[in-house]
1. Restricting attention to segment 118-163, which residues are aromatic (Phe, Trp, Tyr) and at pLDDT below 95?
2. Report, by residue number, each residue of segment 29-80 that is part of a loop (DSSP other than H, G, I, E, B), loosely packed, with under 14 Cβ neighbours inside 10 Å and under 19 Å from the mean Cα position of the chain (by Cα).
3. Do you know which residues across segment 160-193 are surrounded by fewer than 17 Cβ atoms within 10 Å (Cβ to Cβ), among the hydroxyl-bearing types (Ser, Thr, Tyr) and touching a strand residue (DSSP E or B) at 6+ places or on another chain (Cβ under 9 Å)?
4. Just one of the numbered conditions (1) in contact (Cβ under 8 Å) with a residue 40 or more places away in the chain; (2) under 24 Å from residue 84 (Cβ atoms); (3) under 15 Å from the mean Cα position of the chain (by Cα) is not true of residue 130; which one?
5. Could you figure out which of (1) in contact (Cβ under 8 Å) with a residue 12 or more places away in the chain; (2) surrounded by fewer than 20 Cβ atoms within 10 Å (Cβ to Cβ) isn't true of residue 154?
6. Restricting the search to segment 157-180, which residues are within 22 Å of residue 220 (Cα to Cα), out of contact with any Gly (no Cβ under 6 Å at 6 or more places or on another chain), in contact (Cβ under 8 Å) with a residue 60 or more places away in the chain and among the hydrophobic types (A, V, I, L, M, F, W, C)?
7. For segment 9-28, how many residues meet the condition of being under 16 Å from residue 205 (Cα atoms), in contact (Cβ under 8 Å) with a residue 12 or more places away in the chain and outside any strand (DSSP E or B)?
8. Out of (1) in contact (Cβ under 8 Å) with a residue 24 or more places away in the chain; (2) closer than 30 Å to residue 218 by Cβ, what's the single condition that is false for residue 149?
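The values are calculated or read from the model by the stated rules, or taken from the named source; none is laboratory data. What you are looking at is a predicted structure, and each value in this text was computed from that prediction instead of being measured. No Cβ is skipped: glycine too gets one built from the backbone with ideal geometry, and neighbour counts run over all protein chains shown.
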Amino acid sequence: MLTVRPSAERGAATLDWLDSRHTFSFSNYYDPQHISFGSLRVINEDIVQPAKGFGTHSHKDMEIVTYVLQGELEHKDSLGNGSVMRYGDVQRMSAGTGIQHSEFNPSATNPVHLLQIWILPGQQGIAPSYEQTTFSEAEKCDRLRLIGSPDGREGSVTIHQDVNLYAAVLRHGASVSHTLETGRVAWLQVARGSVILNGQTLAAGDGVAISDADRLNIQNSETNPAEVLLFDMAS
């Protein structure tokens, strides 16, 4: 079964420095029909204006994955980590017993466009930790590249939950397939472009909850490249 979460129906927060869209309930946006899906708690699509960002704030007991689509995002945290993320970079921060961090657009001229994802951890009270790695577009081209997993296999970042996270960049006419094992569900998020999932056309910003399905086929439906994230999770 496919249940579409249309882009236009997401929650929104619009400030002079931030344009944010919330797939699930977040901050001042609350929708009892869209609290979470499985262990997936937040998918926020953010556009942050130049020289602006999120000041230092705290998190606890959450796996936070950041995926940059365009521009640069500077990260600093209370563990002493600091980095500038660009397209292709994937960051995982386990908040665990507690962590503080800030996220800032260091560019004086260009906005940064990103997805921030929160996943409920399989165990609370773990030690906070941080990890960042880069996946080139070639690695994701016309294939589902594993970018996050419980065991960090294939060079993916380690997510402390039974979630396998894949990314794919599909060229014109390209398609990829994925098999869901018994007892698994999935969420597909369209980051850019347009795709057809098992006959269902989806646009950028759309998400789909997938259950009671064993075979997924994802095809680019436009001339321009499409980019998707696929979460394969325990039900």
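1. Matches in segment 118-163: 130 only.
2. Passing the criteria: 35, 60.
3. Those that are surrounded by fewer than 17 Cβ atoms within 10 Å (Cβ to Cβ), among the hydroxyl-bearing types (Ser, Thr, Tyr) and touching a strand residue (DSSP E or B) at 6+ places or on another chain (Cβ under 9 Å): 175, 177, 179.
4. Status for residue 130: all satisfied but (3).
5. That leaves (1) as the condition not met.
6. If the condition is that a residue be within 22 Å of residue 220 (Cα to Cα), out of contact with any Gly (no Cβ under 6 Å at 6 or more places or on another chain), in contact (Cβ under 8 Å) with a residue 60 or more places away in the chain and among the hydrophobic types (A, V, I, L, M, F, W, C), then 167, 168 are the ones that fit.
7. The total comes to 4.
8. That leaves (1) as the condition not met.
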